[in-house]
Amino acid sequence: MRDKPVYMVSGYMRSGTSMMMRVLEGAGLFACYNTRKDEVLGEKYVKGGYHPNPEGFFELGRREFEDSGFPQVYAGKLIKVLHWRLKNLPPFAYRICFMTRDPKEIEVSYLKMFQRRPPFVLQRYHELVAQVKAEVKARGDSEIHLVPHHRMIQEPLAVLSELKEAGWPLQDLEKGAFKVRRDLYRSRPEDLDSVRKSIPGLRTDLPEGL
């Protein structure tokens, strides 16, 4: 019998991937993740007063990706795979929900979390998303659905309905949509200048590019 596809949430860091994992798990997918990162970072951020992912990161560890059973052990299940890992995934059927977000919002969230400037690749964010989409389609074994962060915040039930129509085995759309926490939408484009100014020594002599 042919393996079921591996369902994935992906995207650039700070684009809403953890939120989407929580939502899809609530909607009925069996999500696999390692909670060790949550424990370590929970201790770190609780002291600083700002936790970037208070409900968890929903990530696998490096060992899970390097295990000889990957990706077959995740057939029919849900995992989170950041964008840079997609290019080197072994042949298999993947169904990818790729989160997109205003790059200025990503930068605000990144600055709050790491207290340093984001990688230069963020300056060509839209090009990166187009490249990932093209590469996934070129594989011939996978499908990718782009889901804007702002739309997931505003109309989660509609997004989940579209994924179900596309073949994702979601069971309880309303339960999944209920998992969206609008109060955790804390990084907005209009906050970029003030957040930059709040970080001591942050370089500002860089091209905008966003």
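The values are calculated or read from the model by the stated rules, or taken from the named source; none is laboratory data. The model shown is predicted, which means the values in this text are computed figures rather than measured ones. Note that we place each Cβ from the backbone using ideal geometry, even for glycine, and neighbour counts take in every protein chain shown.
Points to keep in mind about this one:
This table checks each residue for (1) out of contact with any strand residue (DSSP E or B) (no Cβ under 8 Å at 6 or more places or on another chain); (2) modelled with pLDDT of 90 or more.
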{"site": "4", "(1), (2)": "yes, yes"}
{"site": "24", "(1), (2)": "no, yes"}
{"site": "32", "(1), (2)": "no, yes"}
{"site": "37", "(1), (2)": "yes, no"}
{"site": "46", "(1), (2)": "yes, no"}
{"site": "58", "(1), (2)": "no, yes"}
{"site": "63", "(1), (2)": "yes, yes"}
{"site": "75", "(1), (2)": "no, yes"}
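So that you can scan it fast, the table gives a plain yes or no per residue for (1) part of a loop (DSSP other than H, G, I, E, B); (2) in contact with an Asp or Glu (Cβ under 9 Å, 6 or more places away or on another chain); (3) surrounded by fewer than 14 Cβ atoms within 10 Å (Cβ to Cβ):
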{"position": "161", "(1), (2), (3)": "no, no, no"}
{"position": "164", "(1), (2), (3)": "no, no, no"}
{"position": "170", "(1), (2), (3)": "yes, no, no"}
{"position": "174", "(1), (2), (3)": "no, no, yes"}
{"position": "180", "(1), (2), (3)": "yes, no, no"}
{"position": "193", "(1), (2), (3)": "no, no, yes"}
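- Looking only at region 130-150, and only at residues there that are in a helix (DSSP H, G or I) and surrounded by 16 or more Cβ atoms within 10 Å (Cβ to Cβ), the one that is modelled with the lowest pLDDT: 139
- Members of region 100-124 that are assigned to a loop (DSSP other than H, G, I, E, B), more than 30 Å from residue 28 (Cβ to Cβ) and among the basic types (Lys, Arg): 116, 117
- Taken over region 56-99, the criterion of being farther than 18 Å from residue 3 by Cβ and outside any loop (DSSP other than H, G, I, E, B) is satisfied by 62, 63, 66, 80, 83, 84, 85, 86, 97, 98, 99.
- Residue 127 fulfils the conditions (1) in a helix (DSSP H, G or I); (2) surrounded by 14 or more Cβ atoms within 10 Å (Cβ to Cβ) except for a single criterion, (2).
- Residue satisfying all of: in region 3-46; outside any strand (DSSP E or B) and of a type in the set (Phe, Trp, Tyr); nearest to the chain's Cα centre (by Cα) among these: 12
- Hey, residue 101 under 28 Å from residue 156 (Cβ atoms), at pLDDT 95 or above and either of a type in the set (Phe, Trp, Tyr) or crowded, with 21+ Cβ neighbours inside 10 Å (or both) or not: yes
- Residue match in region 63-78 (condition: surrounded by 15 or more Cβ atoms within 10 Å (Cβ to Cβ), closer than 18 Å to residue 169 by Cβ and in contact with a Pro (Cβ under 9 Å, 6 or more places away or on another chain)): yes
- Single condition residue 84 does not satisfy, out of (1) over 14 Å from residue 135 (Cα atoms); (2) modelled with pLDDT under 95; (3) not aliphatic (A, V, I, L, M): (1)
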